[in-house]
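Report on the following structure.
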């Protein structure tokens, strides 16, 4: 097996608020190989975005703090780097695509001016060569007549187009790791599908590792090699997509899968997950999912379950899967 | 809030949408008035006007040309010392415009820098800078200028400094507010993720997006500064006497309003026209560039 591009170990990011400390990222570990895609799923507030921001060390300061762990990029711990060194790593080695294409481009500059800026920074190009490279990048994300588009302003482009421009800037380096934080949420379905196809294609070309944040499990099935399910700042289950979708080990994953509407399914009502997402500043002592879990046991309320290997490459945090666990579901 | 929104917006938006492609309707009066004053101020030495400092006790209080006893030699009449009023108003426009533009440029540059810094860094930096801004805003301009005039002596530089030292606070407030909004937008986050540092984000992303507001504010405030400068000169804390300044000219004619009304009236009219022109231009710029800024 090739060495991983990204290797995150026991990452912890806490947010200090007036009402207490929120463990937004609480001991998250995962690794990604070249050309591999990891889907990061979970409810809003489960720590997906915080995890991504922690990887590039852009958590909202001063409230949020990365307290511990390691983020290894090609064997190099990013958390040990200085801020200045991080600036050189951002964009060049780790790129990110954010959710909202409407505000992700600067409204006062033309696409060309915005494209040229990072490209000039990464490749030390100037003048004609720079413009040519910018146009090339636009062509790579399938923007028709890229030369003319360089003169366009963001408001003259559609949401899908803008998101492509953002994509073009993200692959300018090209990066070793691309983080896509719900990049298609605000696009309509046909554009969404095109965009996902484009991302896959770019990934095949440039072999970057891809972290895909979403709460759309359909997209995960299409895009990802592996999935990590987050709940209350922890990865509660992680494994190959097929395996996780067919044989989920954690009750939360099972519940998520049950709440997807399916065409032609006999069942009329969707199963919703009961209860509210937990208040992260007041987590219960044991498993965070215990209050909503259909198969909760005594032990779940007392002690947090450790990470357990269900099968090679498939891990979960649930007492049900822990070999030593005893007792029937309560 | 006045209860108006329901009926008003639609027709206006329609009108704007239809009118926009036909090009802007330039506000002719403000632009024309400002242009005339600017040109006249610049070419003042070449207009062939009498020396504004030349006194002639024999031709004191000459009325304007259309009054009985007026001559074309002194089209707007003369003052207490027989100095030509038209010439003094023309030379005075140099003072007023220069004071207005210089002060506002100084204040806006400093204020924008403070606003950008406070908005970008937030937290404690923001708190400290904004408290200083609040304190500055609560200090009356005229009082500070009077203190400066008394301690350092009245001069053009002191007037500009005194007004700028107070005026920057408004820019700081408005720009900081805008920066806070801009910081929420993804393109700032995106720039950071692309490896941009503080300087690059402030100069390339935040500042350009506030330029429209700055332009509007600058234009609106030039008029205000001209009034403040005139008030200071009127009070004797502004431009020192022999130099023609509109405010001090009004003050000089104050005692003779009943007999020689023109001495005070014409400089007053000059102030009125220039300030009105700048305010109208500012309003127009605001409506054109940023209709959201109604409160400015």
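Since every read-out is calculated from the coordinates, none of them should be taken as a lab result. Keep in mind it's a predicted model, so treat the numbers as computed, not measured. Virtual Cβ from ideal backbone geometry, glycine too; neighbours counted across all protein chains shown.
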Self-check item: Gyration tensor (alpha-carbon) shape descriptor, chain A, a/c threshold 1.5
Solution: prolate
Quiz item: Pick from A:221, A:120, A:63: which is most flexible by mean-square fluctuation in a GNM of chain A where alpha carbon atoms under 10 Å apart are linked?
Solution: A:63
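Is the shape of region B:77-291 best called rounded, prolate or oblate, per the rule: a/c under 1.5 gives rounded, else a/b larger than b/c gives prolate, else oblate, with a ≥ b ≥ c the square roots of the Cα gyration tensor eigenvalues? Write down the numbers at each step before the final one.
Numbers: a/c = 3.42, a/b = 2.23, b/c = 1.54.
Here region B:77-291 falls in the prolate category.
With runs of 4+ DSSP H residues as the only contributors, calculate the mean residue ellipticity of the protein assembly as shown at 222 nm using -39,500 (n - 2.57) per run, divided by the residue total and rounded to the nearest 500.
Details: 21 runs with 294 residues, N = 626.
Theoretical 222 nm ellipticity from helices: -15000 deg cm²/dmol.
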Quiz prompt | Helix A:111-123 axis, angle to chain A major axis (alpha carbon atoms, nearest 10°) | solution = 80 degrees
Exercise. On a C-alpha basis, how far is the centre of region A:77-148 from the centre of region A:1-65 in Å? Whole number, if you could?
Key: 24 Å
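Find the relative contact order for chain B and round it to a whole percent, using C-alpha pairs within less than 8 Å whose residues are 6+ positions apart.
22 percent
For B:256, A:208, B:266, B:139, what's the fewest-to-most ordering of other Cβ within 10 Å of each Cβ?
Working: B:256 15, A:208 25, B:266 22, B:139 11.
Exposure proxy ranking, most exposed first: B:139, B:256, B:266, A:208.
Taking every DSSP beta bridge that has both residues in the protein assembly as shown, what percent is antiparallel when rounded to the nearest 5?
65 percent
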Quiz item: Ranked from highest to lowest mean number of other Cβ atoms within 10 Å per residue, what is the order of the peptides A:67-78, B:277-288?
Solution: B:277-288, A:67-78
Exercise. Taking 7 Å along the Cα-to-C-beta vector as the label spot, tell me the residue B:72-residue A:18 distance in nanometres, rounded to one decimal.
Key: 7.6 nm
Exercise. Nearest 5 is fine: what % of DSSP beta bridges in chain A come out antiparallel, could you say?
Key: 65 percent
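With contacts defined as alpha carbon pairs under 8 Å and 6 or more residues apart, what's the relative contact order of chain A in percent? Before the final figure, lay out the partial values.
On the way: 596 pairs, mean separation 66.1, N = 330.
RCO, chain A: 20 percent.
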Quiz item: On a 0 to 90 degree scale, rounded to 10, what angle separates helix B:156-183 from the longest Cα axis of chain B?
Solution: 20 degrees
Quiz prompt | Rounded to 10°, Cα long-axis angle of helix A:189-206 versus longest principal axis of chain A | solution = 80 degrees
Self-check item: Within 10 Å of each Cβ in B:192-202, the average number of Cβ atoms from other chains
Solution: 6
Quiz item: What's the average, rounded to a whole number, of partner chain beta-carbon atoms within 10 Å of each residue's beta-carbon in A:91-103?
Solution: 4
Exercise. Once you've got the GNM for chain A with C-alpha springs shorter than 10 Å, pick whichever of A:278, A:261, A:101 has the biggest mean-square fluctuation.
Key: A:261
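On average, how many beta carbons from a partner chain sit within 10 Å of the beta carbon of a residue in A:48-56? Kindly include the intermediate steps, with their values, before the conclusion.
Values: counts 0, 0, 0, 0, 1, 2, 0, 0, 3.
The per-residue average across the peptide is 1.
Taking the number of other C-beta atoms within 10 Å as the exposure measure, put A:295, B:248 in order starting with the fewest. Let's see the in-between values first.
Values: A:295 13, B:248 26.
Lowest count first: A:295, B:248.
If each residue's Cβ is checked for other Cβ atoms within 10 Å, how do B:39, B:202 rank with the fewest at the top?
Values: B:39 10, B:202 19.
The fewest-first ordering by Cβ neighbours comes to B:39, B:202.
Using Cα-Cα distances under 8 Å and only pairs 6 or more residues apart, what relative contact order does region A:139-282 have, in percent? Could you put the intermediate results ahead of the total?
On the way: 113 pairs, mean separation 20.8, N = 144.
Averaging sequence separation for qualifying contacts and normalising by length gives 14 percent for region A:139-282.
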